[in-house]
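Structure first, commentary second.
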Amino acid sequence: MNTYSVEEAANANNQLTDALKFLFTVAENYPDLKASQNFQDLQMQLSETEIKLRMFVNFIMILYCCIIINVNVSIKHNCFIVQL
């Protein structure tokens, strides 16, 4: 599994965003392309992928928060035991 820095992830996100903007700009200028079933399928797949990515990011954020809460509880519990 590869790990990426925040800067690398931001650059990749910007490149993807720019490519999608270009794609949709081209589609606006060519109504036949916009009406194409393949293009409509692509738009649907992109939309579904965006939803899945948002769900994954939300899951990771919830998991991270749960880990932080558990670590805090563990630290407080251990301090309490030591003080007895």
Notebook entry, point to check: Using the count of nearby Cβ atoms within 10 Å as a rough guide to exposure, how do 71, 6 rank from fewest to most?
Noted result: 6, 71
Item checked: Mean shadow area of the range 1-73, taken as a quarter of the surface of its Cα convex hull (nm²) -> 6.6 nm²
Notebook entry, point to check: Helix 6-29 versus the longest principal axis of the chain: what is the Cα-based angle in degrees, 0 to 90, to the nearest 10?
Noted result: 20 degrees
Check: Expressed as an acute angle from 0 to 90° and rounded to the nearest 10, what is the orientation of the C-alpha long axis of helix 37-83 relative to the principal long axis of the chain?
Finding: 10 degrees
Check: residue 48 to residue 17: FRET efficiency via 1/(1 + (r/R0)^6), r the Cβ-Cβ distance, R0 30 Å, to the nearest 0.05?
Finding: 0.95
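Readers should treat all values here as calculations from the given coordinates under stated rules, not as data from a laboratory. The model shown is predicted, which means the values in this text are computed figures rather than measured ones. Because the Cβ atoms are built from the backbone with ideal geometry, glycine has one as well, and the counts that use them run over all protein chains shown.
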